[in-house]
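Enquirer: One structure coming up, written as structure tokens, with questions to follow.
The values are calculated or read from the model by the stated rules, or taken from the named source; none is laboratory data. Only a predicted model underlies this, so the values are computations on that prediction, with no experimental measurement involved. Virtual Cβ from ideal backbone geometry, glycine too; neighbours counted across all protein chains shown. Protein only, heavy atoms only, side chains kept; ligands, DNA and RNA dropped before computing areas. Shrake-Rupley method; radii C 1.70, N 1.55, O 1.52, S 1.80 Å.
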Amino acid sequence: MGSSNNEMAQGCAVFSVIGVVALILAMATQCGGDGASDAASTTKPSATADSSALVSPSPVKSAPQEPEKTSSPEPQKVTLSLAEIAGTPGTFDQFEEFVAQHGTAEQKKAVQPLKGWRAYERKWFRPALEVDSDYPTIDYEAIDGGDMEEMEKLMGLEKQSQYIAEAFAAWWEIDETATLQVYDRGGEYMAGSSCISPNAVENEGSCD
């Protein structure tokens, strides 16, 4: 009888231990499940996902369109002969107006001292248009004596006559190569002579 009571007591103890263990396991399982659910509920969305969702795609920039270039029409050239230009009233004023509108800065400056057509003559197997001007008189005797200052003045006037010839070649529909002779303010000597031709610029006023 005493042994059976001991066995029963031992059995109860075993069941008690098993029950305590089972209770601990159940509680641990419950706590683990709650932690996982809490972790899942408190997990924040990815920052990358948020930024990609919030930032709108940048618009594609199209290349700027260049404005269409409108070419200005070429000024109409005078088709009179050189003799007709020299003998027709008003042609010199037309030439001055053309240079004022279409000439370069050098050409405008060179044309300013001109006063008008002087004459038309055929010289040295080539027609020549003579022009009166306010350009200073050149002392050729001083140049022959080695006066470098007078020589520089002559070279400067030759350059001015070249600019005048360039402007004239742009204004006139050239029918033959000619020369432009600019006379000084005294009207006796030439202040400069230059070629009137399509290649006046390249040849620097020379007809060669």
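Enquirer: Could you tell me which of rounded, prolate or oblate describes the stretch 93-208, using a ≥ b ≥ c as the square roots of the eigenvalues of the alpha-carbon gyration tensor, with rounded for a/c under 1.5 and, failing that, prolate when a/b is larger than b/c and oblate otherwise?
Expert: Prolate, since a/c reaches 1.5 and a/b exceeds b/c.
Enquirer: Continuing with this model, one more query. Scan around Lys115 for amide H atoms under 5 Å from its own, H built in the peptide plane at 1.01 Å from N, and keep only partners 5 or more places away or cross-chain.
Expert: Asp132, Ser133, Asp134
Enquirer: With label points built 7 Å along Cα→Cβ from the Cα atoms of Ala83 and Lys115, find their separation and express it in nm.
Expert: The modelled label-to-label distance comes out at 2.6 nm.
Enquirer: Send over a whole-number figure in Å² for the accessible area per residue of the stretch 108-192, probe 1.4 Å.
Expert: 53 Å²
Enquirer: If the label point is 7 Å along Cα→Cβ of Gln76, which residues in the stretch 159-174 have backbone nitrogen under 20 Å from it?
Expert: Residues 168-174 fall inside that zone.
Enquirer: Still on this structure: Under a Cβ-only charge scheme (Lys and Arg +1, Asp and Glu -1), can you give me the dipole magnitude of the stretch 113-208 about the Cα centre, in debye to the nearest 20?
Expert: With only Lys, Arg, Asp and Glu charged at Cβ, the dipole is about 380 debye.
Enquirer: Roughly to the nearest percent, how much of the accessible area of the stretch 105-208 is carbon and sulfur, given a 1.4 Å probe?
Expert: Result for the stretch 105-208: 46 percent of the exposed heavy-atom area is carbon or sulfur.
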